[in-house]
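Quick notes on the structure that follows.
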Amino acid sequence: MRKPIIAIDGPSGAGKGTVARAVAHELGYHHVDSGAMYRAVGWKAVHDGVPLDDEEAVATLAGRSRIEVTATSVTIDEADVTRAIRTPEIDRAAAAVARLPKVRDVLVEGQRRLGAGGAIVMEGRDIGTVVFPRADVKIYLDASPEERARRRATDPAHSGGPAAIADVASALTARDEIDRTRQASPLYAAQDAVVIDTTGKSVTEVVEEAMQVIDEKLKGKRIWQEGSSRPRGRVD
Ligand code: DC
């Protein structure tokens with residue numbers, strides 16, 4: 001029996017990480033943060049002195065590196081970069097390498113391998129549009145630019161130190177612009193995605209809303225759910 005794939009996309013600070021983690025926990029699925037893979041490649045390119053606009057060199061580096069993203073850590077080759085990838089410098093480096101089609105090809109292939117067995121919640125920018133265009137559920141999270149900047153500025157996972165919201169807001173807007181307008185897999189909501197605006201909503205509210213969407217979408221599909229004695233949805 002098939003195990004579902006749930007895609008959660010949206011811009012930075014829309015709440016993808018928190019929501020994807022909570023939803024995966026509720027369903028007993030794996031959670032994969034695909035952005036961490038772009039960050040790890042950006043980090044390694046900076047670390048190894050590879051120019052961020054050298055597509056061939058960065059793609060070769062991505063293809064050669066062993067990237068592991070777990071619930072609690074991110075490693076690239078032997079380096080634990082869990083915290084090092086959450087800095088303003090790596091925000092920029094990740095956005096730069098994510099523009100390069102050959103780098104995306106390498107990472108998308110890895111993401112598809114990770115999701116091949118299903119029972120996965122993958123978050124990113126192009127999961128519902130490119131990585132898994134046939135995902136069972138596609139959710140696109142959004143929020144106002146002000147709220148996204150505020151969340152990012154107060155996110156303890158981002159270790160750039162206390163940041164002025166205005167600075168975070170302008171950096172975030174610049175990165176959003178790159179993500180939305182790049183040629184390769186720009187950020188947009190898949191036509192069959194359910195858009196949830198998280199502005200002014202609590203995490204609990206958004207997770208509940210997402211779970212409702214998931215239940216609704218999985219209803220009637222012949223799929224398997226871990227932890228339940230019977231498949232979720234109709235079996236005929
Ligand atoms: O979600 P994040 O901020 O950690 O992502 C880091 C960068 O990688 C960001 O510029 C968007 C990009 N990204 C992407 O292009 N495609 C994905 N599936 C995930 C992230």
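The values are calculated or read from the model by the stated rules, or taken from the named source; none is laboratory data. Bear in mind that the values here come from a model prediction, so they are computed numbers and not experimental data. Because the Cβ atoms are built from the backbone with ideal geometry, glycine has one as well, and the counts that use them run over all protein chains shown.
Being within 14 Å of ARG66 (Cα to Cα) and of a type outside the set (Phe, Trp, Tyr) is the filter; apply it to the range 38-53 and report the residue that is nearest to the ligand (Cβ to nearest atom). Walk me through it before giving the result.
Start the filter on the range 38-53 by keeping residues that are within 14 Å of ARG66 (Cα to Cα), which leaves 38-45.
Remaining after also requiring of a type outside the set (Phe, Trp, Tyr): 39-42, 44-45.
Numbers: ARG39: 5, ALA40: 10, VAL41: 9, GLY42: 8, LYS44: 14, ALA45: 13 Å.
So the residue we want is ARG39.
When the residues of the range 85-101 are filtered to those that are more than 10 Å from the ligand (Cβ to nearest atom) and modelled with pLDDT under 95, the one that is surrounded by the fewest Cβ atoms within 10 Å (Cβ to Cβ) is GLU89.
State all residues of the range 174-186 that are part of a helix (DSSP H, G or I) and surrounded by 15 or more Cβ atoms within 10 Å (Cβ to Cβ); if no residue qualifies, say none. Walk me through how you get there before you give the answer.
Kept after step one, since they are part of a helix (DSSP H, G or I), are these residues of the range 174-186: 174-181.
ARG175, ASP176, ILE178, ASP179 - these are the residues of the range 174-186 that are part of a helix (DSSP H, G or I) and surrounded by 15 or more Cβ atoms within 10 Å (Cβ to Cβ).
When ALA157, ALA171, ALA210, ALA163 are checked against the criterion of being of a type in the set (Gly, Ala, Ser), at pLDDT below 90 and either over 30 Å from GLU89 (Cβ atoms) or part of a helix (DSSP H, G or I) (or both), a single residue qualifies: ALA171.
Just to be sure, is ILE76 more than 10 Å from the ligand (Cβ to nearest atom), modelled with pLDDT of 95 or more and under 26 Å from TYR188 (Cα atoms)? Talk me through it step by step, then tell me what you get.
On the way: more than 10 Å from the ligand (Cβ to nearest atom): yes; modelled with pLDDT of 95 or more: yes; under 26 Å from TYR188 (Cα atoms): no.
No, not satisfied.
Which residues, taken from the range 9-25, are in contact with a helix residue (DSSP H, G or I) (Cβ under 6 Å, 6 or more places away or on another chain), within 13 Å of the ligand (Cβ to nearest atom) and assigned to a helix (DSSP H, G or I)? Residues satisfying the conditions are THR18, VAL19.
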